[in-house]
Amino acid sequence: MTELSEGDLRLQGPTVLRLLVGAHLRRLREACGISREDAGYAIRASHSKISRMELGRTSLKHNDVADLLTLYGVREAERSTVLALTERAGAGGWWRDYRDVVPDWQEAYLGLEQDAALIRTYEVQLVPQLLQTEDYARTLLTLGRNEPAEHVERQVAVRMRRRRILDPPANRKLWVVMDEAALRRRVGDAALMRAQLEHLRQVAELPHVTLQVLTFGAGGHVGNVGPVTMLRFAETALEDVVYLQRLTGAQYLTKGPDVLAYRDLLNRLVVLAEPATATPAVLRRISAEL
């Protein structure tokens, strides 16, 4: 059985640590032949709580994890490592300071985004949030809404804070395919859009960013879906996660067939889109036509 190494995971954030500890607890339980119901009874909880713990969808309490490790007969050295990682998994991320504007369903994604080694995304109508300028984000967040200015500024601050994961030297890669419609859809005035397109051009020059445009010339294509983001992690114990955001919630897909379908979709879109080397020319052409 693969054991967790605290040293190997010292740079990981709380979300990935929670997922890793949860997955490790599941492997320990299954190796012992213990049901979720019996594991839940041992910590005075339901089998559904065990399921949430193993999927990394709830916080991990030290006493609960300690009792489970006792039930599973874990050796002292491994026990100490798992409990130490449990403590670190309980640490809050930077987004906790913005809980007034970050809904609960988005907190999990921000943690995954922070810890991902590779972020792949396909955007249809808008510039991806990680690549938005401050003015673009602010204008977008005020369209059709009647929110206090300070609330909007807090939301803009969250998006700008998220962008830091792309600052060099970055330990992750971003691979974006944008539909041409997302570049031509006017958000604000022409000056704002030109500044946004220039920002995209600069970001596209970063060695850890790949930006492709799916031009209108591609015609009908397989990407007849809304925005899609797939996150991959450095730890082989973690499967890819597909994130589908909606107006008032999000869906996280982790089952093999679902993930494979979206991975195939992203791979096909990469082939249909213009190569990344053509992106600067595409951006310049669209900017000149504004």
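Within region 87-97, identify whether any single residue is closer than 24 Å to SER35 by Cα and assigned to a helix (DSSP H, G or I), and answer yes or no. Before you say what the answer is, go through the steps one by one.
Quick first cut of region 87-97, residues closer than 24 Å to SER35 by Cα only: none.
No: zero hits.
Residues being in a helix (DSSP H, G or I) and of a type in the set (A, V, I, L, M): count how many of those fall in region 137-189.
Within region 137-189, residues that are in a helix (DSSP H, G or I) and of a type in the set (A, V, I, L, M) number 14.
Pick from region 71-81 the residues that are touching a helix residue (DSSP H, G or I) at 6+ places or on another chain (Cβ under 6 Å) and in a helix (DSSP H, G or I): which of them is least open to solvent (accessible area, probe 1.4 Å)?
Of everything passing the filter in region 71-81, ARG79 is least open to solvent (accessible area, probe 1.4 Å).
Given the conditions (1) in contact with a helix residue (DSSP H, G or I) (Cβ under 7 Å, 6 or more places away or on another chain); (2) part of a loop (DSSP other than H, G, I, E, B), which single one is not true for GLU107?
All conditions are met except number (2).
Take the residues in region 56-70 that are in contact with a Leu (Cβ under 9 Å, 6 or more places away or on another chain) and without any contact (Cβ under 8 Å) to a residue 40 or more places away in the chain, then tell me which one is most open to solvent (accessible area, probe 1.4 Å).
The residue in question is HIS62.
Which residue is farthest from the chain's Cα centre (by Cα), if the candidates are limited to region 200-245 and must be modelled with pLDDT under 95 and in a helix (DSSP H, G or I)?
GLY217
The values are calculated or read from the model by the stated rules, or taken from the named source; none is laboratory data. Everything numeric in this text was worked out from a predicted model, so none of it was measured. Every residue, glycine as well, gets a Cβ built from its backbone with ideal geometry; the counts of neighbours run over all protein chains shown. The protein model used for the area step is the full one, side chains on, heavy atoms only, and it has no ligands, DNA or RNA in it. Shrake-Rupley method; radii C 1.70, N 1.55, O 1.52, S 1.80 Å.
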